[in-house]
1. Nearest 100 Å² is fine: what is the total accessible surface buried where chains A and B meet, probe 1.4 Å?
2. From other protein chains only, count the Cβ atoms within 10 Å of every residue's Cβ in A:264-277, then give the mean.
3. Per the Kirkwood definition applied to all pairs of different Cα atoms, how many angstroms is the hydrodynamic radius of the range A:177-297?
4. Just counting partner chain Cβ atoms within 10 Å, what average do the residues of peptide A:59-68 show around their Cβ?
5. Expressed as a rounded percentage, what relative contact order does the range B:25-148 have, with Cα pairs under 8 Å and six or more residues apart?
6. How big is the dipole moment of the range B:254-369 about its Cα centre under a simple scheme where the beta carbon of each Lys and Arg is +1, that of each Asp and Glu is -1, and everything else is neutral? Debye, nearest 20, please.
7. Only Cα pairs under 8 Å and at least 6 apart count here; give the relative contact order of chain B as a rounded whole percent.
8. Whenever you get a sec, compute what percent of the accessible area on the range A:35-88 sits on carbon and sulfur atoms (1.4 Å probe).
There are 2 protein chains.
Amino acid sequence: MRRRLSDVSGPARLAPSGEGLGQDELALAARNHGLPLEAMRYDVTPPGLHYVLTHYDIPHVPDDASWRLTVSGRVQRVLSLSPARLRAYPAVTTRVTMECAGNGRALLSPRPVSQPWLVEAVGTADWTGVPLRLLLDEAGIESGAVDVVFTGVDHGVERGVEQDYQRGLPLDVATGDDPEVLVAYAMNGAPLPPQHGSPLRLVVPGWYGMAQVKWLRDITVVDTPFTGFQQSVAYRIRQVPEEEGEPVTRIAPRALLIPPGFPDFMSRTRVVAPGPVLLEGRAWSGRAPVTSVEVSTDGGLTWHRARLEPDHGHRWAWRRWSSMWSAVPGVHVLSTRAHDEAGNTQPLVQPWNLGGFASNLVQRVPVICADPTDTA
Amino acid sequence: MRRRLSDVSGPARLAPSGEGLGQDELALAARNHGLPLEAMRYDVTPPGLHYVLTHYDIPHVPDDASWRLTVSGRVQRVLSLSPARLRAYPAVTTRVTMECAGNGRALLSPRPVSQPWLVEAVGTADWTGVPLRLLLDEAGIESGAVDVVFTGVDHGVERGVEQDYQRGLPLDVATGDDPEVLVAYAMNGAPLPPQHGSPLRLVVPGWYGMAQVKWLRDITVVDTPFTGFQQSVAYRIRQVPEEEGEPVTRIAPRALLIPPGFPDFMSRTRVVAPGPVLLEGRAWSGRAPVTSVEVSTDGGLTWHRARLEPDHGHRWAWRRWSSMWSAVPGVHVLSTRAHDEAGNTQPLVQPWNLGGFASNLVQRVPVICADPTDTA
């Protein structure tokens, strides 16, 4: 009996409203993981709490020393760089809030069947590496170049297509300095952990996670627009499969609350005592600097401006916000939303797309304010 | 409108066969995470890949220096120990494979609605700390003591009961040296990460995760059997809610494969080329040393003995096993099972219990062996 790769992959599927998650979605949710929202307390997410999404397997890289990153294609000089060689370049460290393009997918209806994130696919790290534009400059880009293609060693099948994970960036983004793209070899001052791309990865501040190619092996300058699977099939905003769609690029604004009080184990519903409650959280946008954050304690009917901390020089990182709330006994829904300098904000009803990308629906945190004398 | 804590918690629920996962289960799966199975390659699980299960929130501990662990109750001298003071005791480091008692729950039918693990709630770490028996000896246990109760600072509600996480150990286990229970302050040579119990946690080698109390604040020696929620309500093997049930204690034997070849993104089905394929994985048992591991490449119809590595002095850690397989084109289901010295092994049909505890069903890894010339 002969088998083809298309036998292992089903077509893209939408789960109708009311259909619970399947074991395929659970297998992804159990492997990958989000940020426990209380970990937004930390400016820089501690190791192991940053969200992780691996398309295929975490590659086995037994020996960093033999790793070579090549820069080739439409260049004057092909480069072949070891991690040690890259560490000898002047180092740049950038604090970046990274978010999965599929964050919020599991809240959509119908639900695109894929990695089922609610709101937690985010994290912030200090990434250290070499500016990509220095490497491209050293290689010498030839005329006619339009895109730069990044290839990782993670290998798998997606909708019947066998592939190494590959993404492209337009040449002006790859060679730009706002954001400055990094070939990173360190996270929070330590070598990259296996699940974050050891030994080398791309970091594109302000862009969704799909651009941040891990286990980076090849950088190829090309003179035709890159049309690989992850560029032209996946990571497009579409209503129907037939349309070309818009590419997923920079992160839409989002604010999240650290859920206050304490949780119920199963429902995650929060319990607070009556009286003043500090509401705090983080806000970010990859499209433009965050200008304000609002908070609602009545499910989005009314909004109050929160106190927004300055970015402390970290343009590409989330910013802390806070607001005092006077809780009274009853059931409440807490929400927050961010606004950015380009006029983007967050919807109360999420526009839908086929892949479940770039959602930034206002978060809803159910809270019960319980009279402490009545806990039976 | 007055609200009671019981309003936030539903009763325990079973999801009937065919009911997909709910958003409550997903919220837990997105916060907590398992070990990506390819990370079984490492003897010691790298930071961030070890499974994590947090009942409530990861507590905020801004300052280790003010943390005090008390040892009190039926003792002659109450102890109050800072993490720095504990680090001054002779240190013991033990390599321990830890597994969540709920591992495998999501494979049961009907499915107990709780944290929905498939097979991946496991990890191995080197834990460093002070033997609990030394602390109890220093405190001086009074006559009549029967249990030792461990209290963490993580706080929440479960089935209407507000609680700090608490578990007890029988006195003979707490003071025993096989396994030697640790009050641990380091994981893999570094201070405990927040999600693994910083600054102090209990480590009970060979026992399921519920015994490994994180964010440990109090050790209390008691003269009546401990009947707290996590001891008498949760973590019991029961068929019906009314029965007392058996306590969940030591880890049942389990072997897992590192899924070979490469995966399909959504189905996680594996693809291998025809020819020799190295099958490898890990095996462990908290009940007795593993004596043998078998492998099946036909879904459990026939079994072959795998090569089992010695424990290299790490009695409480998983052991590597391997076996060569000659793959031929077609669809295969790979399985493995462990046997331990006490005669325990793994079932092909999982006995069911109400909480979904202590499952150790034989793993099934679907693999397609594809002819490389026929990949369309």
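1. 6700
2. 6
3. Numbers: mean 1/r = 0.0546 Å⁻¹.
Evaluated on the range A:177-297, it is 18.3 Å.
4. For this peptide, the per-residue mean of nearby foreign Cβ atoms is 1.
5. 33
6. On the way: 12 positive and 8 negative charges, 30 e Å.
Computed charge dipole of the range B:254-369: roughly 140 debye.
7. Relative contact order for chain B comes out at 17 percent.
8. Values: 1120 of 2240 Å².
Accessible surface attributable to carbon and sulfur in the range A:35-88 totals 50 percent.
The values are calculated or read from the model by the stated rules, or taken from the named source; none is laboratory data. Source: prediction; values computed, not measured. Backbone-built Cβ (ideal geometry, glycine too); neighbour counts: all protein chains shown. To get the accessible areas, we keep the full protein, side chains included, count just its heavy atoms, and leave off ligands, DNA and RNA. Shrake-Rupley method; radii C 1.70, N 1.55, O 1.52, S 1.80 Å.
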